[in-house]
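Asker: Sharing a structure here in structure tokens format.
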Number of protein chains: 2
Amino acid sequence: MSTKEIDFSSINAIRLLSADAIEKAKSGHPGLPMGGAPMAFVLWNRVMNHNPHNPQWPNRDRFVLSAGHGSMLIYSLLHLTGYASPTLDDIKQFRQWESKTPGHPENTVTPGVEVTTGPLGQGLANAVGLACAERHMAARFNKNDMEIVNHYTFCLVGDGCLMEGISSEAASLAGHLGLGKLIVMYDDNKVTIDGSTKLAFTEDVTKRFEAFNWQVLEVKDGNTDLDGIEAALREAKATTDKPTLIRIHTTIGFGAPNKQGTSGVHGSPLGSDELAAARKAMGWELGPFEIPEDVLAHMRTPVAKGAKAEAEWEALLEKYGKAYPEDQNVFKQLLKGELPVDWAKSLPTYTPADKAMASRSLSHATLNAIAPSLPGLFGGSADLAPSNLTLVKTSGDFQKGAYENSNFRFGVREHAMGAISNGIALYGAGLIPYCATFLVFADYMRNPIRMAALSNAGVIFVFTHDSVAVGEDGPTHQPVEHVASLRLIPNLNVIRPADGNEVSGAYKVAVESRNCPTALALTRQNLPQLENSSIDAVAKGAYVIQDCEGTPDMILIGTGSEVHLCVDAAKELAKDGIAVRAVSMPCWELFEAQSDAYKESVLPAAVTKRLAVEAGTPFGWARYTGTESAVVGINSFGHCGPGDVVLKEFGFTTENVISKAKAVLGK
Amino acid sequence: MSTKEIDFSSINAIRLLSADAIEKAKSGHPGLPMGGAPMAFVLWNRVMNHNPHNPQWPNRDRFVLSAGHGSMLIYSLLHLTGYASPTLDDIKQFRQWESKTPGHPENTVTPGVEVTTGPLGQGLANAVGLACAERHMAARFNKNDMEIVNHYTFCLVGDGCLMEGISSEAASLAGHLGLGKLIVMYDDNKVTIDGSTKLAFTEDVTKRFEAFNWQVLEVKDGNTDLDGIEAALREAKATTDKPTLIRIHTTIGFGAPNKQGTSGVHGSPLGSDELAAARKAMGWELGPFEIPEDVLAHMRTPVAKGAKAEAEWEALLEKYGKAYPEDQNVFKQLLKGELPVDWAKSLPTYTPADKAMASRSLSHATLNAIAPSLPGLFGGSADLAPSNLTLVKTSGDFQKGAYENSNFRFGVREHAMGAISNGIALYGAGLIPYCATFLVFADYMRNPIRMAALSNAGVIFVFTHDSVAVGEDGPTHQPVEHVASLRLIPNLNVIRPADGNEVSGAYKVAVESRNCPTALALTRQNLPQLENSSIDAVAKGAYVIQDCEGTPDMILIGTGSEVHLCVDAAKELAKDGIAVRAVSMPCWELFEAQSDAYKESVLPAAVTKRLAVEAGTPFGWARYTGTESAVVGINSFGHCGPGDVVLKEFGFTTENVISKAKAVLGK
């Protein structure tokens, strides 16, 4: 076969392997893998720098399939270009229980999948995060003569990704930052689930991305013009001052003679007749899951190329180590994901003599205290830096031309901020991303928080202004249901610290949780430093912060800004001869992970009289109190007013806690 | 004074009244009201068609302050142009507990405030919804000679709104739909909370909106060029085929001589010195909260103009009624927000003999059954119409040139979809908006759902694919925490119906809830029609669907797709001599609203042995079961696999329910 013939046979192999797997699964999305096969082949075979025998090679180009429903495309590419996984057997298990080839790509399941995608637009923002991480590491570690970080981030998006608002947020920021090594291929096929894009998507995408300061290139025939695709990719690589969108016009489901170009091929198997017709039209004589040897050989040229590239990089890194041993040490430590020994010694500690401070201010102090010890710390706020208090004073802003800096200015773009942070976490270079907004706007970034938890991304979500104590901004800005709503997400630690020591403890947990995200809920208002608060106890989720003599008559459980009310109430009740234990419970998830013995030691089952105090919804507290009526909480939206007035009106006073505690005791 | 002088005095009155109120409150955002005063004055005084003496006049122009933090601007405008509320005393109570002038504008608190704003970008999408409602009503009711619906929707946005992704979603759709009567003023002041827009927002906004098919006009000096502002507004009004963005360059906090143009004036009171300096610079001799009589007279010219306009409209409507009495009847009924008598008779009913159906299919049948009886029904899906099953067969698509149709194609834009639906609900013309996506993507539109609840917008949120039974699409598409997360939101009814009758009952509640949104959780998979299910019982939130002889030994509580498991398990357990009651609990919120007697009749306190069965997180169920361990639920993310396999692996089988029930009974 000629090179051209073997190229097209390879592309047809991607198409048919994908369609075969979907047919066998009786479920899946053939439209994208078939229509996008040419661009994917050119990228993976001719352009992308990767080593199939080591999916973790640090200097590999990254590839993100933002249109995650086309997952069979990436599984076909991984298999055909020579990755050890997925095997052909894995592919035959597409979309089955516990297979290596789930319905949407999951980084925790399939090596070579960089990030988990599926929710549209997330992948594009993840790719922006990966590209930011590359620029940041390059600016910090590259030397004039030795570029040890030097790769591209490629992303494939569809119409759906680009309709999502997160795509505009992420693209606007990528253009602002001039991420020249970010290259996005837009599979422009004019078809969505509902039908033609004429139904709802008639904007000028080229002009929109140019408005975002992107280079936009176009490939008019993405079905057959392989050289055109390659030329565009190479032009994109050569453009170093801005990201590139390559608009590649394709036919969805190309190769399925009767269904291509229709929405019917988007999300359903072709059916055996159409699959047979596709084979016939391609002149393909082999059966399902059969790949010609010459195609496999052609597809697997990246194996040798990748091994050579990695070896050259290893040699460069060795040379680098000789010239810059200290830098190499830090670089290698980061790549291993190791935290510096003793970093936690930099955490601030407090005594009751220290002044009352808002936990957002304590967070600020903590970030600034630990930053010098943590070379991976990298983050910022969605245009609320003066409110969230997230600026690290020893660094400048991460900007075009100043990528070495670690203060990230996300703009008012919470949704992209979350997904970009996920990309930074999953870049795999020991970066510890944190990102911040008001707690109420966690709602704007809820899917990225979920995706962080699902994909084991150790992002630190810093949420300030964590209750109705926000005050005058009113109910649109007062979180009520938000702490509980975050507790609902699996694999996410939600920590609401009560004072300075607990803030330090919260950061200790968050920094050490590299495979699990953390959400911090921090106050706008000042909080006293408590007598028995503890950095280390935060890791246990809950602990006795004020105990009584003998067996408690009841237990008061508080979190965050309400713990001091519990402590004060316990002391007052003691004067009436009532033995009350006060428990600080900064993190439910960590408490649940403790031994039964520890849990019993904090919350003895025999002490059934309990009252929880939290400036949020009582929903869920029955887990610890037995009933939601034993909660000083908030069952409605908040109200506008000065913060102290609002707290008082909703009953967050020592007096009311005492009164409700007595009611629980029947007194 | 000359007209020009009195114009500028009026503008200074807006600035100072706003700054005075913020100063008194010691909290608020003077930057926008001061910088945006000229454009606001020109709009409200010269251009906008409104009647201060009747904020509810149906044909008024709508105004949305998307940058809701500038709330004092709208309060100043309402007061100064002659609205009865807020009074000067109300304004002196700015941001205080239970005042009429909360920190962000709330439509439920202040007449003349069309929608609740604050979370950035929501207002712009609300405005798109208002403009859609206007086009829809106009297309349905206007006659060639009589345009009884004929007004504009104005919106004021800042940099923050435009950075948010929702602004791109909403603007792209508005451009697609050619909403020529939507006019957005962009207060382009180059300053955000973090500082200069150079930090994170350097895109070409003009080009971006042109890419969205908008007309973009520019006013270079928005501080003083009133005629330029007016000319742009009039040009925008004259352009009928596309929406207009007027980019008005201003100085934030204009009039505060030392602070204007800085981020310091964005969100903090000016301080008494700077406020005095502003008065001096303006040559303003009156004290705080004092408005010159001639300024008031000038500002209140809309009162006479508005009264005349409304009277003319009333005359037109009367003439219309004579020519088109039936249309007028429907129109007036809609404006009153009245549902047609007997509409609920169109709800489908089912018996156990009817075939098993997915609740999304039952929803489809219901929508199509009730649509002919409900002239206000108006909605659609975010590009998942074939999956959400939301198309009404008797109508076409709401599109440019076909605004009379009621099937809305939102595109893959969940966030904007929610906020647009809120705008349609709050338009005040009896429209009943519904909007649909997969339940897992409720996360993309969580803030609009919250805002619907906060602003009493009776939107119906249709969420299909409501559990891990989604199957092969895997954990990115399988909701686990989502039903619980929606239950957390105050003033939102979350209904998870078990079969056909309960779907009808769910729609009955949803349609009748015009001041409270409803979220429906519907299955992808088929469900059997149950023997004792009931349309009317849904309104009670929970009811006995399968009872036992005598006092129950235990109660099984199920929702949605798990109710039939409870019924079957109860029957099986009866064979072992165990008396089990099965309760269907489609809606927690409605059950909580019932009398204690009713609640006791369904869930007798004496029967403490209980087991809840729901294919989602157990979080919160302790409210009804006493402990979360008495729940057949899911404590992790889902997994990819065929839906029936996934359900079985997670324990959603009759056998497992029986086994867990026995465990609860200690058997």
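Asker: If you scan segment A:186-224, which residues turn out to be open to solvent by less than 10 Å² (accessible area, probe 1.4 Å), more than 9 Å from chain B (Cβ to nearest Cβ) and either under 21 Å from B:Ser172 (Cα atoms) or of a type in the set (D, E, K, R) (or both)?
Answerer: A:Tyr186, A:Asp187, A:Asp188, A:Trp214
Asker: Has segment B:417-430 got any residue that is within 12 Å of chain A (Cβ to nearest Cβ), in a strand (DSSP E or B) and hydrophobic (A, V, I, L, M, F, W, C)?
Answerer: No, segment B:417-430 has no match at all.
Asker: Out of (1) closer than 24 Å to B:Arg300 by Cβ; (2) of a type outside the set (Asp, Glu); (3) within 14 Å of chain A (Cβ to nearest Cβ), the odd one out for B:Asn59 is which?
Answerer: (3)
Asker: Follow-up question, since we're still on this one. Collect the residues in segment A:87-104 that are more than 9 Å from chain B (Cβ to nearest Cβ) and within 24 Å of the chain's Cα centre (by Cα), keeping them in residue-number order.
Answerer: Step one: filter segment A:87-104 for residues more than 9 Å from chain B (Cβ to nearest Cβ), giving A:87-93, A:100.
Answer for segment A:87-104, where residues must be more than 9 Å from chain B (Cβ to nearest Cβ) and within 24 Å of the chain's Cα centre (by Cα): just A:Lys100.
Asker: Test A:Ala281 against the criterion of being loosely packed, with under 13 Cβ neighbours inside 10 Å and touching a residue at least 12 places away in the same chain (Cβ under 8 Å), and give yes or no.
Answerer: The answer is no for A:Ala281.
Asker: Basic (Lys, Arg) and under 30 Å from A:Ala138 (Cβ atoms) - does that describe any residue in segment A:261-283?
Answerer: Initial filter on segment A:261-283 (basic (Lys, Arg)): A:279-280.
The next check asks that each one be under 30 Å from A:Ala138 (Cβ atoms); those that pass are none.
For segment A:261-283, residues basic (Lys, Arg) and under 30 Å from A:Ala138 (Cβ atoms): absent.
Asker: Is it the case that some residue within segment A:149-170 is assigned to a strand (DSSP E or B) and facing chain B (nearest Cβ under 8 Å)?
Answerer: no
Asker: Also: I'm trying to understand the selection: among the residues of segment B:492-516, which are surrounded by fewer than 24 Cβ atoms within 10 Å (Cβ to Cβ) and assigned to a loop (DSSP other than H, G, I, E, B)?
Answerer: Those that are surrounded by fewer than 24 Cβ atoms within 10 Å (Cβ to Cβ) and assigned to a loop (DSSP other than H, G, I, E, B): B:Leu492, B:Ser513, B:Arg514, B:Asn515, B:Cys516.
Asker: Among the residues of segment A:355-375 satisfying the criterion of being buried (at least 24 other Cβ atoms within 10 Å of the Cβ) and of a type in the set (Gly, Ala, Ser), which is farthest from A:Lys508 (Cα to Cα)?
Answerer: Looking at residues that are buried (at least 24 other Cβ atoms within 10 Å of the Cβ) and of a type in the set (Gly, Ala, Ser), I get A:Ser359.
Asker: Still on this model: Within segment B:517-547, track down each residue that is open to solvent by less than 20 Å² (accessible area, probe 1.4 Å), within 14 Å of another protein chain (Cβ to nearest Cβ) and assigned to a loop (DSSP other than H, G, I, E, B).
Answerer: Listed by number, the list holds a single entry, B:Pro517.
Asker: Quick check: anything in segment B:27-39 surrounded by fewer than 24 Cβ atoms within 10 Å (Cβ to Cβ), modelled with pLDDT of 95 or more and either in contact with a strand residue (DSSP E or B) (Cβ under 7 Å, 6 or more places away or on another chain) or not aliphatic (A, V, I, L, M) (or both)? Break it down into steps so the answer makes sense when it comes.
Answerer: Going through segment B:27-39, the residues surrounded by fewer than 24 Cβ atoms within 10 Å (Cβ to Cβ) turn out to be B:27.
Subset that is modelled with pLDDT of 95 or more: B:27.
From what's left, either in contact with a strand residue (DSSP E or B) (Cβ under 7 Å, 6 or more places away or on another chain) or not aliphatic (A, V, I, L, M) (or both): B:27.
Yes.
Asker: Also, quick follow-up: Across segment A:447-470, which residue is surrounded by the fewest Cβ atoms within 10 Å (Cβ to Cβ) among those that are under 15 Å from A:Thr437 (Cβ atoms) and within 8 Å of the chain's Cα centre (by Cα)?
Answerer: Top of the filtered list is A:Ile449.
Asker: Tell me which residues, restricted to segment B:11-26, are small (Gly, Ala, Ser) and surrounded by fewer than 24 Cβ atoms within 10 Å (Cβ to Cβ). Can you show your working first?
Answerer: First, the residues of segment B:11-26 that are small (Gly, Ala, Ser): B:13, B:18-19, B:21, B:25.
Matches in segment B:11-26: B:Ala25 only.
Matching residues to (1) closer than 26 Å to B:Ala452 by Cα; (2) of a type in the set (Gly, Ala, Ser):
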position	(1), (2)
A:Val583	no, no
A:Cys587	no, no
A:Lys609	no, no
A:Gly633	yes, yes
A:Gly638	yes, yes
A:Gly651	no, yes
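Asker: For A:Ala622, which of the numbered conditions (1) within 14 Å of chain B (Cβ to nearest Cβ); (2) open to solvent by 20 Å² or more (accessible area, probe 1.4 Å) fails to hold?
Answerer: For A:Ala622, the exception is condition (2).
Asker: Identify the single condition in (1) of a type outside the set (Val, Ile, Thr); (2) in contact (Cβ under 8 Å) with a residue 12 or more places away in the chain; (3) more than 14 Å from chain A (Cβ to nearest Cβ) that B:Met72 does not satisfy, given that it satisfies every other one.
Answerer: That leaves (3) as the condition not met.
Asker: I'd like to check something: does segment B:385-406 contain any residue that is in contact with a Ser or Thr (Cβ under 7 Å, 6 or more places away or on another chain), in a helix (DSSP H, G or I) and small (Gly, Ala, Ser)?
Answerer: Here is the first cut: in segment B:385-406, the ones in contact with a Ser or Thr (Cβ under 7 Å, 6 or more places away or on another chain) are B:387-390, B:392, B:395, B:398, B:405-406.
With the extra rule that they be in a helix (DSSP H, G or I), the set shrinks to B:387-389.
Now narrow it down to the ones that are small (Gly, Ala, Ser): B:387.
Yes: segment B:385-406 contains one or more residues that are in contact with a Ser or Thr (Cβ under 7 Å, 6 or more places away or on another chain), in a helix (DSSP H, G or I) and small (Gly, Ala, Ser).
Asker: Out of B:Lys345, B:Lys322, B:Lys336, which single residue is among the charged types (D, E, K, R) and within 29 Å of B:Leu530 (Cα to Cα)? Before the answer, list the steps.
Answerer: On the way: B:Lys322 fails: within 29 Å of B:Leu530 (Cα to Cα); B:Lys336 fails: within 29 Å of B:Leu530 (Cα to Cα).
That would be B:Lys345, the only listed residue that is among the charged types (D, E, K, R) and within 29 Å of B:Leu530 (Cα to Cα).
Asker: So which residues in segment A:390-405 are surrounded by fewer than 23 Cβ atoms within 10 Å (Cβ to Cβ) and more than 10 Å from chain B (Cβ to nearest Cβ), if there are any at all? Outline the logic, then answer.
Answerer: Step one: of segment A:390-405, the residues surrounded by fewer than 23 Cβ atoms within 10 Å (Cβ to Cβ) are A:391-405.
Matches in segment A:390-405: A:Val392, A:Lys393, A:Thr394, A:Ser395, A:Gly396, A:Phe398, A:Gly401, A:Ala402, A:Tyr403, A:Glu404, A:Asn405.
Asker: I'd like the full set of residues that are open to solvent by less than 10 Å² (accessible area, probe 1.4 Å) and either outside any loop (DSSP other than H, G, I, E, B) or of a type in the set (A, V, I, L, M) (or both), limited to segment A:579-606.
Answerer: Filtering segment A:579-606 down to residues open to solvent by less than 10 Å² (accessible area, probe 1.4 Å) leaves A:580, A:582-588, A:591, A:602.
Answer for segment A:579-606, where residues must be open to solvent by less than 10 Å² (accessible area, probe 1.4 Å) and either outside any loop (DSSP other than H, G, I, E, B) or of a type in the set (A, V, I, L, M) (or both): A:Val580, A:Ala582, A:Val583, A:Ser584, A:Met585, A:Trp588, A:Phe591, A:Val602.
Asker: Identify, please: which residue in segment B:471-489 is in a helix (DSSP H, G or I) and either without any contact (Cβ under 8 Å) to a residue 60 or more places away in the chain or more than 9 Å from chain A (Cβ to nearest Cβ) (or both) and is, among those, surrounded by the most Cβ atoms within 10 Å (Cβ to Cβ)?
Answerer: B:Ser485
Asker: Among residues belonging to segment A:626-647 that are surrounded by fewer than 21 Cβ atoms within 10 Å (Cβ to Cβ), modelled with pLDDT of 95 or more and not in a loop (DSSP other than H, G, I, E, B), point out the one that is nearest to the other protein chains (Cβ to nearest Cβ).
Answerer: So the residue we want is A:Val645.
Asker: Now a separate question. Any idea which residue in segment B:243-266 is nearest to B:Ala131 (Cα to Cα), counting only those that are in contact with a Ser or Thr (Cβ under 8 Å, 6 or more places away or on another chain) and open to solvent by 10 Å² or more (accessible area, probe 1.4 Å)?
Answerer: Result: B:Arg247.
Asker: Give the residue, chosen from B:Ile229, B:Ile252, that is of a type in the set (Val, Ile, Thr), within 17 Å of B:Trp44 (Cβ to Cβ) and over 28 Å from the mean Cα position of the chain (by Cα).
Answerer: B:Ile229
Asker: Just for segment B:107-122: of the residues that are open to solvent by less than 30 Å² (accessible area, probe 1.4 Å) and more than 7 Å from chain A (Cβ to nearest Cβ), which one is nearest to A:Pro475 (Cα to Cα)? Reasoning before the result, please.
Answerer: Going residue by residue through segment B:107-122, those that are open to solvent by less than 30 Å² (accessible area, probe 1.4 Å) are B:110, B:112-119, B:121-122.
Checking the rest, the ones that are also more than 7 Å from chain A (Cβ to nearest Cβ) come to B:110, B:112-115, B:117, B:121-122.
Details: B:Thr110: 14, B:Gly112: 19, B:Val113: 16, B:Glu114: 17, B:Val115: 14, B:Thr117: 10, B:Gly121: 17, B:Gln122: 15 Å.
By that ranking, first place goes to B:Thr117.
The values are calculated or read from the model by the stated rules, or taken from the named source; none is laboratory data. Being a predicted model, the structure only gives us computed values, none of them experimental. So basically every Cβ, Gly included, is an ideal-geometry build from the backbone, and we count neighbours across all protein chains shown. We work out accessible area using only protein heavy atoms, side chains counted, and drop any ligands, DNA or RNA first. Shrake-Rupley method; radii C 1.70, N 1.55, O 1.52, S 1.80 Å.
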